[in-house]
Each structure stands twice: as structure tokens, then as C-alpha cells.
Amino acid sequence: MTDPISSLQDLANYCREEQEAVQRQLSELQALIRQTSTDVERLAQRSLHLTNQIKQMESRPESISPAELIEVYQSAMDVQKRLWLMRGQLEKFQSLEAQLQRYRETLDRILSLLATVQEERVTSHPNVESSLIVRLFEAQEQERQRLVRQLHDGPAQALTNLVLQAEICERLFQRDPERAKAELAALKSAVVETFQRMREFLFDIRPMSLDDLGLVPTVRRYVEALKDKVKFSLSLQISGEERRLAAHQEAVLFRIVQELLTNVRLHAQASQVAVRLAFQPQGVRLEVEDNGVGFDVEEALANAPRRKTIGLTSIRQWVEMLGGQLSITSAPGKGTRVTVFLPSSV
């Protein structure tokens, strides 16, 4: 049988190697971001210069030949196309940077947790350590899969559509200027929408406010944004004396809120949902309750590993690894209430 202590050390070594690789990738990516930002700024200035030149030429058409005007228009379109492409590339690089930083932070937390486990290995149980290793690997892989799906379905597809729209504008510019103008307006709207979706995507990956402001402001922002997207009534209640928690506790509680509300959106068919966060002397209690269709808790938890779903299985693992308690109350037709308690001493 594999020695659990050796396995734990192997995992630590693997995580450190991953840390070094991620740091190298981040350094290379950040250099690309700086260079691309410079290129975008240069193209933006060039585009502005050509736009002003076109305006001047249009103000004195009698002194400008059609060929000259077409040449400048074509140059402007070429620059504009390159500018859209470079901006799309820059946003992609920045998104990947956020993803790598998130992965690096995950590795930092894993190594910190491993150090704690190794310090306490004399009194810990080997089976618990082996189970912890499996959970850490599974959580890491699930996070990677989720990010890849989000990148493919969201920003990557949106950027592809922007490039196609820019090419349509380019082809129409000489044949049908009015239609080209309309297409440019549509392209501008699409860029604004894509930018907003990118902001939401980055918020889902790692909200900056979680580090800067803490759990409560981040959950408030998330719930308020979600209210405009869901059909059910959503409320947030905060009780007790608000305080900052350990970084890993705040991250876990926020992810649990995300997972539970996602489950409600996809499965509950609820009309009312309440999120309650209570700060107590002994710890923090989170409760998410809905009046939806409910489910058989034992069956759902038993079938979750076979279905390889994240949801409740991940929540249970997160809570257990932090020494907390999880309670799920539900039945078909009875709604659902999920309660999580994390002790202050964790």
C-alpha cells in the first residue's frame, strides 16, 4: 500500500512544480499583454489620425480626388480591423492572465493546507490524508474543466463573432457605405456587450472585491446582479456583527453561494429564494432556502459521484476540509434548505 506521507509529499512537490510553471507562463503572458497594449494604443492613435483626416477631406471634397478618398478610407478600415483584432487578443490575454492567477492562488491554498496537514501528521489518520489528496486533485481538475467550458462558451465565441462582424463591415464599406455604417453600429454594440460579458466572466472566476472588500460586499453585488437575470424573487439577509474572515473561508462561502444559486436556477423551479448569512461568535452560518420542487437528498448525494457533477458533492468536500458542518433539508415538492456552518477557529 502506498505510504500516505509519501503521497502527501509527492502532491506538495507536484504543486510546487505547477507553481513554477504557472509563474513562468504568467511572466510571459504579462509581457505579451504589455506589448499588445502598446500596439493597441498605437493603432488607436493611428485610427484617430485617419478619422480626422477623412473628416478634413470630406469638408473640402472639391480638392480631393475619389481615388485619394478611397485610399484613406481603405487605410482607416485596415487599421480599424487590426485594432479590433488586437483589442480582442488583449482581452483574451487578460482573461487568461486572470485564469492563471486564479490557478496560482488555488495552488497557494493547497500548499498551505498541505503544510498544515504535514505538521499535524503525527496525530492525524492516514486514511484521512489519502482521502484529502484525492479530493484536492479532483477539485483542481474540476476547476480547470469549469474554466475551459466558460472560456469556450463565452469570451472565445464572442470574440470570434466580433472578428466576423468586422470582416463584414470591411467588405461592405466600398459597396454600400450606409449598410456598412449600420453594421459598424451593430459591431459597437456587440463590443460593449462582449466587454460586459467579459467583466461578468472575470467576476465569476475571481471577484476582485472578495480580496479588497470581503465576503459581504461581494455576495451583495453578486445577488443584486443576479436579480435581473432570474425569474424568481431573490433576497439577501445579513445578521450579526459583520467581519472579515480568513481568505480561504471567504472564497469557499462565496463559491457555495454561487453553486447553490446555480442549482436553484437550473433545477428548483422556485418562485422565492432567500440567502442568509449570519455572523456568530463561534463562526459563520450560511443558509440558502427556496420554495422549489425539492429532491431526495440521499439519492442525490449517492448518485453525485457516478454523475461526476460538482454541486453538492464539492460543497460537502469544501465544508468537511474546513472542519465545518453541512445540512441539506429537502423532499420532492417541499423546497430545499442548505445550511453551512464554518467555525471561527478554522
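The values are calculated or read from the model by the stated rules, or taken from the named source; none is laboratory data. As the structure is a prediction and not an experimental result, all values here were calculated from the model. Methodologically, a virtual Cβ is constructed for each residue, glycine included, from the backbone with ideal geometry; neighbour enumeration extends over all protein chains shown. Just the protein is used for accessible areas: all its heavy atoms, side chains included, with ligands, DNA and RNA removed. Shrake-Rupley method; radii C 1.70, N 1.55, O 1.52, S 1.80 Å.
Just a few scattered comments:
- Members of the range 247-289 found to be assigned to a strand (DSSP E or B), open to solvent by less than 20 Å² (accessible area, probe 1.4 Å) and of a type outside the set (G, A, S), listed by number: V273, V275, L277, F279, V284, L286, V288
- On the stretch given as the range 54-73, residues that are within 41 Å of the chain's Cα centre (by Cα) and loosely packed, with under 13 Cβ neighbours inside 10 Å total 0.
- Yes/no for V40 being over 21 Å from D211 (Cβ atoms) and either outside any helix (DSSP H, G or I) or open to solvent by less than 60 Å² (accessible area, probe 1.4 Å) (or both): yes
- Filtering the range 244-264 to residues that are over 18 Å from T313 (Cα atoms) and touching a helix residue (DSSP H, G or I) at 6+ places or on another chain (Cβ under 9 Å) leaves R244, L245, A247, H248, E250.
- Residue list for the range 46-99, filter: among the polar types (S, T, N, Q), in a helix (DSSP H, G or I) and more than 17 Å from R34 (Cα to Cα): S47, T51, N52, Q53, Q56, S59, S63, Q74, S75, Q80, Q99
- Condition check for T51: open to solvent by less than 60 Å² (accessible area, probe 1.4 Å), of a type outside the set (A, V, I, L, M) and either under 20 Å from P177 (Cβ atoms) or over 42 Å from the mean Cα position of the chain (by Cα) (or both): yes
- Residue in the range 79-93 that is under 27 Å from D211 (Cα atoms) and basic (K, R) present: yes
- Residues within the range 221-246 that are farther than 19 Å from Q269 by Cα and open to solvent by 70 Å² or more (accessible area, probe 1.4 Å), tallied: 7
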